[in-house]
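Worksheet: one structure, shown below.
The values are calculated or read from the model by the stated rules, or taken from the named source; none is laboratory data. Note that the structure is predicted; figures quoted are calculated from it, not measured. Quick reminder, even Gly has a Cβ in these numbers, built from the backbone with ideal geometry, and neighbours come from all protein chains shown.
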Amino acid sequence: MISPALLEDPVTQTILGIVVLVLVSLIALYGLSRLRSINAHNLQIEEAVRRNFHEMRTEGDLDDQEFRKIEALLARNPSSKQRPELTNERSSNHQ
């Protein structure tokens with residue numbers, strides 16, 4: 001068992017504080033990496049959906065008005081705001 005006098009020692013308190021800080025940092029990094037991978041997966045799905053709608057438009061399944069309406073709805077999606085190159089790609093594809 002740890003004696004109370006040992007816990008009152010400033011060196012022991014510093015070491016315990018650093019250990020706790022490292023553990024909390026590692027847990028936070030793990031959580032952020034998981035969120036990032038989930039977000040990357042969602043962006044891949046969104047890009048596939050955009051390609052599918054573009055293909056439907058070129059095949060004549062969607063008219064221009066329907067395609068613009070779909071693009072407007074997809075543009076409101078918060079994940080597309082995280083990747084500005086998507087909007088640049090789309091605008092260059094339309095030209």
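Of everything in region 51-84 that is at pLDDT below 85 and basic (Lys, Arg), the residue that is surrounded by the most Cβ atoms within 10 Å (Cβ to Cβ) is Arg83. Scanning for something small (Gly, Ala, Ser), assigned to a helix (DSSP H, G or I) and under 30 Å from Ile2 (Cα atoms), does region 43-53 turn up at least one residue? No, region 43-53 has no match at all.
Just one residue in the set Leu29, Leu21 is under 16 Å from the mean Cα position of the chain (by Cα) and modelled with pLDDT of 85 or more; that residue is Leu29.
For region 1-18, give me each residue that is at pLDDT below 85 and of a type in the set (Gly, Ala, Ser). Talk me through it step by step, then tell me what you get.
Start the filter on region 1-18 by keeping residues that are at pLDDT below 85, which leaves 1-7.
Of everything in region 1-18, those that are at pLDDT below 85 and of a type in the set (Gly, Ala, Ser) turn out to be Ser3, Ala5.
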